[in-house]
Amino acid sequence: MKAMFQSFEESPEIKDGSVAKSLNLIGGCIEFRDVHFGYLRDRKILDGVSFVVPTRRSVAIVGTSESGKWTILRLLFRFFNADSGALKMGVKLIHSLGRLVGGATAW
């Protein structure tokens, strides 16, 4: 829990583009499609991860320590961009949106 709250104080690696749009999420799902990511080039954390969280549903992400659970949240909240693949909220690609925490974007 402490790590989660500390993450809100982190400076993100990426910045909003000049055309970033706010997310007005009314319905829609969250989708990770064939997502690849590594903090270092030679150490992949996510290798082709795909899943969908349907509208108004909850999901639990479980796994061993260092298995990528926290990384999934960091990608979702745009602390980092995925190396490849697609992250979507509703029909919008996440990288085209403003940051979801610590910025002006609300959902």
Completion exercise
In region 65-104, anything hydroxyl-bearing (Ser, Thr, Tyr) and at pLDDT below 70 is listed as 96
Exercise for the section: Could you check, for region 52-62, whether at least one of its residues is under 21 Å from residue 28 (Cα atoms), part of a strand (DSSP E or B) and modelled with pLDDT of 90 or more? Expected result: yes
Completion exercise
Within region 53-81, residues being β-branched (Val, Ile, Thr), loosely packed, with under 13 Cβ neighbours inside 10 Å and within 18 Å of residue 92 (Cβ to Cβ) number 1
Handout entry: Matching residues in region 40-51 - criterion: being acidic (Asp, Glu) and assigned to a loop (DSSP other than H, G, I, E, B)
Key = 42
Completion exercise
Among (1) part of a loop (DSSP other than H, G, I, E, B); (2) of a type outside the set (A, V, I, L, M); (3) touching a helix residue (DSSP H, G or I) at 6+ places or on another chain (Cβ under 8 Å), residue 28 falls short only on (3)
Problem - Positions within region 64-84 being in a loop (DSSP other than H, G, I, E, B), farther than 20 Å from residue 29 by Cβ and hydrophobic (A, V, I, L, M, F, W, C), in sequence order - result: 79, 80
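The values are calculated or read from the model by the stated rules, or taken from the named source; none is laboratory data. Only a predicted model underlies this, so the values are computations on that prediction, with no experimental measurement involved. Cβ atoms come from the backbone with ideal geometry, glycine included; neighbour counts cover every protein chain shown.
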